[in-house]
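Please treat every number below as a calculation from the coordinates, not as lab data. Predicted, not measured: the structure shown is a model, and the values here were computed from it. With ideal geometry, Cβ positions are generated from the backbone for all residues, glycine too; neighbour counts draw on all protein chains shown.
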Amino acid sequence: MTPISSPRAALLAVMLVSFIGTVGIALPYPILAPYFLDPASSPGLTQFGGLHPKLLLGIVLALYPLGLLIGSSIIGALSDIYGRKRVLNITLFIAALSYGGTVWALLEESYLWFAAMRLLTGLCEGNIAIARAIAVDLHPAIDRKRALSLVFAATYAGWLVGPITGGYLMLYGVEVSFIAAAATVVLCLVVVAVGISPDTNTPAPSGFWRALRQSNSIGLLKDVSIRPLIVFHLLFSLALNTFYEYFPLWLVEAFGHGPQEIAWLSVSLSLTMIITSAFFVARLSRLASERQMILGCVVMLGLLTGLLPWLNTWACLLVFTLMGATIALENGIFPAFMSANYGHYGQGRIMGLLTTNFCLANVIMALVGAALALLGGRWVIWCASVLFFMAALWLWWRFRAEPT
């Protein structure tokens, strides 16, 4: 645990790291598909081994979340042992090097090196679990729901700014976006150096590999009281990723929307999430108990998602806004609930487990969603709704079996 001499300064630092880091993560997103599918792009990268460019693109797109899945399961836990600032600095430094390696791969037209760098970048950027762990470490100086909601607001803002910036940087060459991403990581290192106090905890003498085996986030599943909550979170994450990944497809099929219309609906969703996280989560969370709020948010998301295929464009805009607020509220309350009840295992391990769960859901829906999409976009949206209701039903059953 990192000592916090000034909680507000530390929270501001973590918010900046979350925002800047997410911008860096999101910068390359809008450029990879156009680059790999452009016949004029580097044949060494886009025609490697005689494989189809779409297949090569799919491999590259899968490697980053795979790295994130692995990294988030261990990096947060390692920060409990070796210190938040120490592990954050190391992973940020390696991430900067990996972005530099990506630029080198583009210049040298090396697909294998490019793929390896995307995997390494994802692994290092599992350090988002550390940022969230630092936020909950601030409790009680700053309420954990308030701290987490502000960190999530910064993250949502990064996802809003990053793709737009990356799209414009593409005009100057594909490698420029990765250079900019490396620069954002270096800026994060500066923010961590200035805003977060040095670690004071002494690493356990058991050794790195033993600590990795014994203290990774996956090991928390040995606790039978955590497993049902992680099942709920996996179902919730599956539903959320289904919606995130395939609502653009549904918009194209249902309304013939192009990139601009889809972008504006995405902006409405993101802006509502940012505003709700920044200003309203702490207040709204007091309307009922944590359990009631978590369950109510998931039921609301199931209802709103299920309504979408029946609505017109303007009604969809309203629903997207309501969904953004509800997602932000759920994401502010549930991690705080897990932190309060299981933080004795280490906040880094808890935040790492939740991040791992979300990444696992992302990978699953990337594989399963494509098959569902063959049935039509509306069926994928209804699938998301069903998953939300399954998560709610599972949680209701679990909470009913326990005392409040």
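Volume of the convex hull of the chain (Cα atoms only), normalised per residue: 138 Å³. Hydrophobic long helices, here whole DSSP H runs in the chain with Kyte-Doolittle means of at least -1.0 and Cα atoms spread over 18 Å or more along the helix axis, are found at 7-26, 53-82, 84-108, 111-124, 144-169, 174-195, 227-255, 259-279, 290-307, 313-342, 347-373, 377-400. Distance between the 7 Å Cα→Cβ label points at Thr200 and Tyr172: 4.4 nm.
For Glu253, Glu108, the sequence from fewest to most other C-beta atoms within 10 Å is Glu108, Glu253. A Cβ-based charge dipole, computed about the Cα centre of segment 219-404 with Lys and Arg at +1 and Asp and Glu at -1, lands at about 460 debye.
Basic side chains Lys and Arg get +1 at the Cβ, acidic Asp and Glu get -1 at the Cβ, and with that the dipole of the chain about its Cα centre reaches some 1100 debye.
Our note on the geometry: Cα centres of segment 32-76 and segment 140-186, 21 Å apart. Rank Ala33, Ala180, Ala147 by mean-square fluctuation in a GNM of the chain with C-alpha springs under 10 angstrom and give only the top-ranked residue. For the chain, modelled as a Gaussian network with Cα springs under 10 Å, the answer is Ala33. Computed over neighbours whose Cβ is under 9 Å from that of Tyr345, the net charge equals -1, Lys and Arg +1, Asp and Glu -1.
Placing unit charges on each Cβ (+1 for Lys and Arg, -1 for Asp and Glu) gives the chain a dipole about its Cα centre, and among Leu295, Gly50, Asn241 the Cα reaching farthest toward its positive end belongs to Leu295. If only the Cβ of Lys and Arg carry +1 and only the Cβ of Asp and Glu carry -1, the dipole of segment 1-215 around its Cα centre is close to 680 debye.
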